[in-house]
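Heads up: the structure comes next, in C-alpha cells.
Read the figures in this text as sums done on the coordinates, not as results from a lab. Keep in mind that what you see is a predicted model, and the values were worked out from it rather than measured. Virtual Cβ from ideal backbone geometry, glycine too; neighbours counted across all protein chains shown.
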Amino acid sequence: MTETLVVRNALVFDGESAEVSEASIRIADGRIVELGNVTGGADRVIEAEGRVVTPGLLDAHFHAYAIALDSEPIEQALLSYVALVGQHRLTDALRRGFTTVRDPAGGDAGLARAIDEGHVLAPRYLFMGSALSQTGGHGDYRHADSDVCFHGGHTVDVVDGPDALRVAARERLRSGAHAIKIFTSGGVVSPTDPIRRPQYSAEEIRAVVDEARRRGSYVAAHAYSPEAIEHSVVNGVRSIEHGNLLDAVTARLMAEHGAILVPTLGAYDAMERLGDELGLSTVAKSKNREVLAAGRDAVRHAHEAGVVVGFGSDNMGALVSEQLVGVRLLAEASSNLEALRSLTSRNALLMQRDDLGRIAVGAAGDLVLWSGNPLEDIDVIADRNRERTVILAGAVVGETA
C-alpha cells in the first residue's frame with residue numbers, strides 16, 4: 001500500500017486493554033506509524049467521531065474450501081470450482097471484519113498468491129493445506145459399507161505411519177503451509193469414528209510435531225474429548241481445535257504444556273438450528289448435541305486453568321454465513337473483554353504474528369470501526385446487520401451502514 005490513512009478521534013481497543021482510550025491512528029505503507037495525537041498528513045481521513053476501533057478480527061478456524069457440509073462432495077469437485085467458491089467465502093469474511101483467517105484444512109500456495117497479488121479480495125490468508133487423518137479417522141469420509149478408495153483430496157489426506165507422516169508434513173511446509181493440522185479424535189460429521197476415541201498413535205503425532213518444530217511451525221489438532229486432548233498435548237500439539245468436552249483436569253494439563261484452545265462454538269449452534277434443512281445425518285445430529293451442550297463449559301474450564309483461548313468459526317458449506325454466531329457464544333461463556341481478546345491478540349499469539357491483533361505503532365494497519373462499544377454490547381460485532389468499516393493494510397475494503 002502506498003496511500004496513507006488517518007482515523008481521527010477514535011475510541012481504541014488495542015487488543016488487550018480492558019478499557020478503550022481516545023486516540024487517532026495514522027497508517028502508511030500498510031502499517032500503523034502514529035497513534036495518539038497524530039500530526040502527519042494523509043491521503044484519506046476518516047472521522048471516527050467517537051466510534052470504537054478494534055484491530056482487524058482474526059478467525060483461527062476458517063475453511064475456505066469447505067463448500068459443503070459433508071466432505072465427499074468437496075473432495076470430488078474440481079479444485080478450480082472449489083477455489084472460486086472459496087474466494088467468495090473469504091471476501092464475505094473480510095466484510096464481516098475478519099482481516100486474517102487461518103485455514104486448518106485446505107487452501108494452497110496458489111490461492112494465497114492470488115490473494116497477495118490482489119486478484120482476490122480476501123483477508124490475510126494463513127493456509128495449512130490438507131489436514132492429516134488416519135485411515136478410518138475423522139478425515140476419512142467413507143461409510144462402513146463403502147467400497148471406494150480414498151487417499152486424499154482438497155481438504156484432507158489419509159496418511160498412516162510415522163515415516164509417511166514425516167513426508168506429508170515436510171511437503172506441506174515446503175509449499176508454504178502456516179502449520180500442520182491433524183485429526184486426533186472423532187468428529188461430528190464423520191460417519192465411522194466414535195467422537196471420544198483418540199486417533200493416531202503417540203509415535204505418529206510426535207513425528208509430525210518434530211517436523212513442524214524444526215521449521216519454526218507447530219501442529220494443530222482436531223480433538224474433542226479429554227482423552228484425545230491429553231493424547232495430543234503430551235505429544236507436542238500446540239493448538240487444540242474445538243475441545244468441546246474439555247474438563248478441568250485436562251485444562252490444567254493444557255496450561256502446563258502451553259497449549260492453546262480454539263473453540264468453535266458457533267458451528268454446533270448453527271448445525272443444531274439448521275441441521276434438518278441442510279440434511280445432517282442422524283448420527284451427526286446426535287454427536288453434535290453432545291458437543292454443543294458441553295462447549296461453553298470447556299471454555300470456562302480453559303479460562304479457569306489459565307489456558308490461552310482463541311476463536312474459530314468452523315462453518316462448513318452454507319453455514320459460513322453464521323460466522324459471527326460464535327462471537328456471541330464465546331462472550332457468553334467468558335466475557336465481552338475475553339471474547340475480544342480471543343478475536344484479536346490471543347489469536348495473533350496462536351498464529352505467531354506479533355504484527356496482528358493489536359493497535360500499536362509497527363502493527364499491521366488492519367482495523368474495524370464499529371457502531372457501538374463491543375466491550376459493553378457484543379452484538380455490535382455479532383449482529384451481522386450492525387454498521388462496520390473494515391480496513392485492511394490501510395485500505396478501506398468494506399463499509400456497511
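On a full-extension model of 0.36 nm per residue, what is the gain between Ala360 and Ala109, subtracting their alpha-carbon distance, rounded to one decimal in nm?
Between Ala360 and Ala109, full extension yields an extra 87.4 nm.
For helix 202-214, what angle does its Cα long axis make with the longest principal axis of the chain, in degrees from 0 to 90 and rounded to 10?
Value to nearest ten degrees: 30.
Looking only at Ile205, Ile46, Ile25, which one moves most when the chain is put into a Gaussian network model with springs between Cα atoms under 10 Å?
Judging by the Gaussian network model, the answer is Ile46.
Compute the angle between helix 265-278 and the longest alpha-carbon principal axis of the chain, please, reported from 0 to 90 degrees and rounded to the nearest 10.
70 degrees
If you take all C-alpha pairs in the stretch 1-153, what percent of them are over 26 Å apart?
44 percent
Could you tell me whether the stretch 256-401 comes out rounded, prolate or oblate from its Cα gyration tensor? Rule is a ≥ b ≥ c as square roots of the eigenvalues, rounded for a/c under 1.5, then prolate if a/b exceeds b/c, otherwise oblate.
Judged from the Cα gyration tensor, the stretch 256-401 comes out oblate (a/c at least 1.5, b/c at or above a/b).
Pairs of Cα atoms under 8 Å, at least six residues apart: use those to get the relative contact order of the stretch 242-386, whole percent.
That works out to 24 percent.
Over the chain, what is the mean sequence separation of C-alpha contacts under 8 Å (at least six apart), divided by residue count, expressed as relative contact order in percent?
This gives 19 percent for the chain.
Of the labelled options (i) 34, 22, 20; (ii) 35, 29, 18; (iii) 52, 26, 19, which one gives semi-axes √(5λ) of the Cα gyration tensor in Å as computed for this structure?
Evaluating semi-axes √(5λ) of the Cα gyration tensor in Å on these atoms matches (i).
Please work out whether the stretch 296-349 counts as rounded, prolate or oblate from its C-alpha gyration tensor, where a ≥ b ≥ c are the square roots of the eigenvalues and a/c under 1.5 means rounded, while otherwise a/b larger than b/c means prolate and anything else oblate?
Judged from the Cα gyration tensor, the stretch 296-349 comes out prolate (a/c at least 1.5, a/b above b/c).
Pulled fully out, how much extra length does the chain show between Asp210 and Asn37, if you take 0.36 nm times their separation in residues and subtract their Cα-Cα distance?
57.6 nm
Sort the stretch 196-331 into rounded, prolate or oblate with this rule: let a ≥ b ≥ c be the square roots of the eigenvalues of the Cα gyration tensor; rounded if a/c is under 1.5, and if a/c is not under 1.5, prolate when a/b is larger than b/c, oblate otherwise.
Prolate is the answer for the stretch 196-331, as a/c is 1.5 or above and a/b outweighs b/c.
Which of the peptides 169-178, 317-326 is most tightly packed, and how do the rest follow, judged by the mean count of other Cβ atoms within 10 Å per residue?
317-326, 169-178
Measure off 7 Å from each Cα along the Cα-to-Cβ vector at Asp383 and Val396, then give the distance between these two points in nanometres to one decimal.
Here the answer is 2.3 nm between the modelled labels.
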